[in-house]
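Beneath this line is the structure, given in structure tokens, with notes to follow.
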Amino acid sequence: MSANSAGERAVVLGASMAGLLAARVLADSFAEVVVVDRDELSGVTTARRGVPQGRHVHGLLARGQQILDELFPGFTQRCVDDGIPTGDLGTLRWFFNGRRLAPAPTGLICVSAARPLLESHVRTAVEALGTVRFLEGHDIIGPVVSAGGTRVTGARVQSRAAGSSAVELAADLVVDATGRGSRTPVWLGEWGYARPAEDRIKIDLSYTTRTFRLPDESILNGDLSINPVASPEFPRGAFFSRIENGLCKLSLTGMLGDSAPTDSDGFLEWTKTLPVPDVYEVVRDAEPQDDATTFHYPASVRRRYERLKRFPAGFLVLGDAACSFNPVYGQGMTVAALESLVLRDHLREGVPDPLRFFKDIAGVIDAPWEISTGGDLGFPEVDGKRGAKVKMANAYMAKMQAAATVDGRITRTFMRVAGLVDPPQALMSPRMIARVLRNARIADTGEVRKAA
Ligand SMILES: Cc1cc2nc3c(=O)[nH]c(=O)nc-3n(C[C@H](O)[C@H](O)[C@H](O)COP(=O)(O)OP(=O)(O)OC[C@H]3O[C@@H](n4cnc5c(N)ncnc54)[C@H](O)[C@@H]3O)c2cc1C
């Protein structure tokens with residue numbers, strides 16, 4: 001694709017993961033791409049104000065990692081060369097309902113960087129393209145619309161430096177990647193359009209996170225992470241990961257208003273209430289490197305742009321601005337990556353038609369949204385409609401997770417589905433169902449000991 005086949009300039013609002021990945025594919029079709037963010041970005045490898053969730057453990061799903069390697073050849077190797085720990089997704093210490101999944105190599109690589117470092121690697125790769133310009137330290141005031149409001153023709157931005165005034169950036173395409181707090185619904189109202197309907201699942205989730213250095217890493221037995229995942233039976237969860245520079249991060253998750261304390265003693269005590277002792281045993285003698293911080297996440301929110309009848313030309317929305325998922329499923333960055341591939345396909349025909357684009361990204365949002373909201377609805381206290389499909393899926397997931405404790409092949413298939421590499425149907429083939437039911441029985445009755 002030639003450099004300016006879709007237009008002269010695209011402007012991306014927001015320089016986090018979704019904005020960076022959009023910029024990467026836009027660079028193939030526009031002579032210039034300008035990415036605007038309120039934060040300073042150059043050389044930043046620590047959490048920044050505009051992405052406060054960056055302090056908390058982030059896992060990039062396997063499909064997201066594959067897409068990064070496709071968009072930036074050699075990406076994973078550069079992370080490895082930079083000293084970021086990696087491991088096979090199927091051999092991490094996963095616990096569901098207090099039971100460890102049987103480890104099984106999947107061939108899927110997990111790159112265990114803290115979120116700001118991962119983002120800085122992506123940003124460096126985007127900067128290297130040469131045609132993407134970053135307007136850091138700039139507030140986004142809003143898109144500029146044509147008279148009559150039928151088309152977005154640019155964006156108004158303002159430097160945060162004292163005495164600056166707003167400037168207008170003309171653009172053939174403006175992409176809103178400003179995250180969950182996106183103002184597009186408000187702007188649409190101001191321009192005389194309907195606002196998108198919202199699906200909301202209220203979960204009142206909390207992440208409380210602290211960074212540690214282990215006095216002796218051998219306590220991990222070589223494992224990259226320890227993840228007792230929250231479930232209705234054991235609603236307290238944790239993600240413990242080795243990260244760069246010999247450090248480890250621990251995020252403690254609480255559902256429905258529950259939240260781990262931030263003081264040292266309270267934080268450690270809370271790890272004892274997890275369904276397995278592994279996390280407590282690893283951190284009890286570890287040296288804290290920072291104070292614990294909490295992030296409250298009230299609800300998963302999906303904005304249904306694909307259902308609108310009218311939308312201004314020259315304007316798109318993606319990433320968390322379109323759909324913000326319960327973070328415990330680790331889907332947000334990978335869905336942003338999948339959406340960037342949709343954008344790349346649409347750009348082959350020039351500036352994308354927004355409503356067609358929204359229909360196509362709805363296609364990549366559907367499966368992860370069903371996985372995460374289906375899981376959330378397994379908690380009886382979470383409000384929402386539970387149709388037969390959700391009830392059956394949750395009953396089957398419980399069996400599948402039990403079966404995976406004794407059968408590594410099931411772990412492997414589960415990891416490929418949860419990693420968004422394979423569709424959920426991969427868990428539903430007649431052979432897999434038979435395998436799941438047989439092994440769930442073995443796991444639940446202890447027959448496994450007889451078999452061994
Ligand atoms: C606690 C927590 C844990 C998570 N864990 C995972 C995980 O394990 N795996 C995973 O894939 N995802 C995870 N996520 C989700 C993930 O963080 C997001 O999906 C991801 O960052 C992509 O979001 P985004 O780029 O769309 O928006 P954001 O990351 O929210 O970025 C929006 C950007 O827009 C800028 N911006 C916004 N408004 C303005 C303005 N007016 N002017 C200028 N700049 C502006 C901000 O500075 C920021 O850079 C987690 C989220 C949370 C809350």
So Ala337, is it within 16 Å of the ligand (Cβ to nearest atom), among the small types (Gly, Ala, Ser) and in a helix (DSSP H, G or I):
yes
Please determine whether any residue of the range 356-368 is within 16 Å of the ligand (Cβ to nearest atom), on the phi < 0 side of the Ramachandran plot, out of contact with any Ser or Thr (no Cβ under 9 Å at 6 or more places or on another chain) and open to solvent by 20 Å² or more (accessible area, probe 1.4 Å).
yes
Arg348 fails exactly one of the following numbered conditions: (1) touching a residue at least 12 places away in the same chain (Cβ under 8 Å); (2) open to solvent by less than 60 Å² (accessible area, probe 1.4 Å); (3) of a type outside the set (A, V, I, L, M). What is the number of that condition?
(2)
Would you be able to say whether some residue in the range 290-299 is away from the ligand (no atom under 16 Å from the Cβ) and in contact with a Leu (Cβ under 9 Å, 6 or more places away or on another chain)?
no
Are any residues in the range 195-214 closer than 23 Å to Thr262 by Cα and open to solvent by 20 Å² or more (accessible area, probe 1.4 Å), and if so, which ones?
Asp204, Arg210, Arg213
From the options Pro275, Pro298, Pro232, residue that is in contact with a strand residue (DSSP E or B) (Cβ under 9 Å, 6 or more places away or on another chain) and surrounded by fewer than 20 Cβ atoms within 10 Å (Cβ to Cβ)
Pro298
Take the residues of the range 300-334 that are more than 9 Å from the ligand (Cβ to nearest atom), outside any strand (DSSP E or B) and under 25 Å from Leu71 (Cβ atoms): which is farthest from the chain's Cα centre (by Cα)?
Gly314
Considering only residues that are open to solvent by less than 40 Å² (accessible area, probe 1.4 Å) and assigned to a strand (DSSP E or B), which ones fall in the range 73-93?
Gly87, Asp88, Arg93
What pairs come up if the first residue lies in the range 173-190 and is within 18 Å of Val35 (Cβ to Cβ) and more than 12 Å from the ligand (Cβ to nearest atom), the second is open to solvent by 10 Å² or more (accessible area, probe 1.4 Å) and of a type in the set (Ser, Thr, Tyr), and their beta carbons are under 9 Å apart, counting only those six or more places apart or on different chains?
Val174/Thr153
Among (1) touching a strand residue (DSSP E or B) at 6+ places or on another chain (Cβ under 8 Å); (2) within 16 Å of the ligand (Cβ to nearest atom); (3) open to solvent by 10 Å² or more (accessible area, probe 1.4 Å) - the single one Leu117 does not satisfy
(1)
If you go through the range 376-422, how many residues are open to solvent by less than 70 Å² (accessible area, probe 1.4 Å) and assigned to a loop (DSSP other than H, G, I, E, B)?
13
When Gly142 is run through (1) touching a His at 6+ places or on another chain (Cβ under 8 Å); (2) assigned to a strand (DSSP E or B); (3) among the small types (Gly, Ala, Ser), the failure sits at (1)
So, of the residues in the range 7-58 that are in a strand (DSSP E or B) and near the ligand (Cβ under 10 Å from one of its atoms), which turns out to be surrounded by the fewest Cβ atoms within 10 Å (Cβ to Cβ)?
Val36
Looking only at the range 181-212, how many residues end up being of a type in the set (A, V, I, L, M) and part of a loop (DSSP other than H, G, I, E, B)?
2
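The values are calculated or read from the model by the stated rules, or taken from the named source; none is laboratory data. Since this is a predicted model, take the numbers as computed values, not measurements. Every residue, glycine among them, receives a Cβ derived from its backbone with ideal geometry; neighbour counts consider all protein chains shown. Only protein heavy atoms, including side chains, enter the accessible area calculation; ligands, DNA and RNA are left aside. Shrake-Rupley method; radii C 1.70, N 1.55, O 1.52, S 1.80 Å.
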